[in-house]
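Asks: Sending over a structure as structure tokens; questions will come in a sec.
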Amino acid sequence: MSNPFLKQVFNKDKTFRPKRKFEPGTQRFELHKKAQASLNAGLDLKLAVQLPAGEELNDWVAVHVVDFFNRVNLIYGTISDGCTERSCPIMSGGPKYEYRWQDENKFRRPTALSAPRYMDLLMDWIEVQINNEDVFPTNVGTPFPKNFLQVVKKILSRLFRVFVHVYIHHFDRIAQLGSEAHVNTCYKHFYYFVTEFGLIDTKELEPLERNDRTDVPLRALGPVISAATPWGPAAATRHISSTGTSVF
């Protein structure tokens with residue numbers, strides 16, 4: 001679901017990872033085109049994310065996970081030159097939310113990392129998941145694994161944390177590019193999709209639920225983020241855990 005306005009704002013060369021594409025002629029490619037057509041036609045995002053009649057939920061979810069991966073790559077790639085070991089020594093979303101990395105390989109225990117290191121590991125990990133035929137099968141008739149939605153929830157929760165970091169720590173850069181409205185649209189699309197299908201625990205959404213400068217609950221508005229009130233550390237007001245640290 002690549003929108004023309006995003007191409008105008010973001011430099012393709014800044015993409016953090018190569019885009020994952022769907023093979024023409026496949027069912028996923030057709031679903032991707034259907035979803036893109038809805039967005040390009042200006043359909044309400046709440047309606048655009050709904051499962052089309054006659055389509056399988058897992059296929060619809062798979063198409064969107066890949067698309068969101070591509071979009072978040074594009075967004076983070078645009079501001080990544082300002083997200084460094086020095087500027088962002090801890091992957092966080094304001095002073096109350098710290099995200100630690102854990103995987104099945106090197107980091108068996110939750111580990112505090114710089115934001116750029118965390119992002120690098122995150123995108124590598126997601127890329128492995130979506131390129132794994134056992135998790136994201138591409139052949140028609142090949143069933144999805146029983147734990148598919150569990151894997152998807154993990155991927156989307158982690159991608160959401162990229163939005164949190166970008167909004168709270170790099171919104172000034174987004175504003176300088178004049179791209180806040182476009183990033184907001186990407187976020188709204190993501191938000192409506194994950195809430196439509198219950199793919200993120202509501203606790204994960206807390207860091208972006210309130211804009212303290214206007215004291216307006218974002219959930220009540222839909223996830224509308226005002227370009228006139230950029231986000232700062234004060235936006236993170238509640239703990240994910242008793243220590244204020246989100247561990248995964």
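Asks: Looking at the structure I just gave you, is Gly141 open to solvent by less than 50 Å² (accessible area, probe 1.4 Å), of a type in the set (Gly, Ala, Ser) and modelled with pLDDT under 95?
Replies: Against the criterion (open to solvent by less than 50 Å² (accessible area, probe 1.4 Å), of a type in the set (Gly, Ala, Ser) and modelled with pLDDT under 95), Gly141 does not qualify.
Asks: In segment 48-84, what residues are open to solvent by less than 40 Å² (accessible area, probe 1.4 Å) and among the β-branched types (Val, Ile, Thr)?
Replies: Hits for segment 48-84 are Val49, Val61, Val63, Val65, Val66, Val72, Ile75, Thr78, Ile79.
Asks: In addition: With respect to Leu39, determine if the residue is of a type in the set (A, V, I, L, M), at pLDDT below 95, within 26 Å of Gly198 (Cβ to Cβ) and surrounded by fewer than 14 Cβ atoms within 10 Å (Cβ to Cβ).
Replies: For Leu39, the condition - of a type in the set (A, V, I, L, M), at pLDDT below 95, within 26 Å of Gly198 (Cβ to Cβ) and surrounded by fewer than 14 Cβ atoms within 10 Å (Cβ to Cβ) - is not met.
Asks: In segment 171-184, what residues are more than 19 Å from Asn70 (Cα to Cα), in contact (Cβ under 8 Å) with a residue 24 or more places away in the chain and not acidic (Asp, Glu)?
Replies: Phe171, Arg173, Ala175, Leu177, Gly178 - these are the residues of segment 171-184 that are more than 19 Å from Asn70 (Cα to Cα), in contact (Cβ under 8 Å) with a residue 24 or more places away in the chain and not acidic (Asp, Glu).
Asks: Here's a check for you: in segment 165-201, which residue that is of a type in the set (Asp, Glu) and modelled with pLDDT of 90 or more is nearest to Val63 (Cα to Cα)?
Replies: Glu196
Asks: Something else now. With the requirement that a residue be open to solvent by less than 60 Å² (accessible area, probe 1.4 Å) and in a loop (DSSP other than H, G, I, E, B), what does segment 144-166 give you?
Replies: Result: Phe144, Pro145.
Asks: Does Asp134 satisfy the condition of being closer than 18 Å to Phe163 by Cα and surrounded by fewer than 16 Cβ atoms within 10 Å (Cβ to Cβ)?
Replies: no
Asks: So which residues in segment 153-204 are under 15 Å from Leu122 (Cβ atoms) and of a type in the set (Val, Ile, Thr)?
Replies: Within segment 153-204, Ile155, Val162, Val164, Val166 qualify.
Every residue, every condition in (1) at pLDDT below 80; (2) over 25 Å from Pro207 (Cα atoms); (3) touching an Asp or Glu at 6+ places or on another chain (Cβ under 7 Å); (4) hydrophobic (A, V, I, L, M, F, W, C), yes or no:
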site: Lys12; (1), (2), (3), (4): yes, yes, no, no
site: Phe16; (1), (2), (3), (4): yes, no, no, yes
site: Lys19; (1), (2), (3), (4): yes, yes, no, no
site: Thr26; (1), (2), (3), (4): yes, yes, no, no
site: Lys34; (1), (2), (3), (4): yes, yes, no, no
site: Val49; (1), (2), (3), (4): no, no, yes, yes
site: Asn70; (1), (2), (3), (4): no, no, no, no
site: Ile90; (1), (2), (3), (4): no, no, yes, yes
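Asks: Yes or no: Ile130 out of contact with any Cys (no Cβ under 7 Å at 6 or more places or on another chain), of a type in the set (Val, Ile, Thr) and closer than 30 Å to Gln176 by Cα?
Replies: No.
Asks: When segment 85-105 is examined, which residues are found to be among the hydroxyl-bearing types (Ser, Thr, Tyr) and either open to solvent by less than 50 Å² (accessible area, probe 1.4 Å) or outside any loop (DSSP other than H, G, I, E, B) (or both)?
Replies: Once the filter is applied, which keeps residues that are among the hydroxyl-bearing types (Ser, Thr, Tyr) and either open to solvent by less than 50 Å² (accessible area, probe 1.4 Å) or outside any loop (DSSP other than H, G, I, E, B) (or both), segment 85-105 yields Ser92, Tyr97, Tyr99.
Asks: Name the residues in segment 110-129 that are open to solvent by less than 30 Å² (accessible area, probe 1.4 Å), of a type in the set (A, V, I, L, M, F, W, C) and either within 16 Å of the chain's Cα centre (by Cα) or farther than 14 Å from Tyr97 by Cα (or both), would you?
Replies: Ala115, Met119, Leu121, Leu122, Met123, Ile126
Asks: One residue is enough: does segment 214-233 have a residue meeting the conditions assigned to a helix (DSSP H, G or I), more than 24 Å from Arg86 (Cα to Cα), more than 13 Å from the chain's Cα centre (by Cα) and at pLDDT 50 or above?
Replies: no
The values are calculated or read from the model by the stated rules, or taken from the named source; none is laboratory data. Quantities reported herein were computed from a predicted structural model and do not represent experimental measurements. A quick note on method: Cβ atoms are made from the backbone with ideal geometry, for glycine too, and the neighbour counts reach across all protein chains shown. Just the protein is used for accessible areas: all its heavy atoms, side chains included, with ligands, DNA and RNA removed. Shrake-Rupley method; radii C 1.70, N 1.55, O 1.52, S 1.80 Å.
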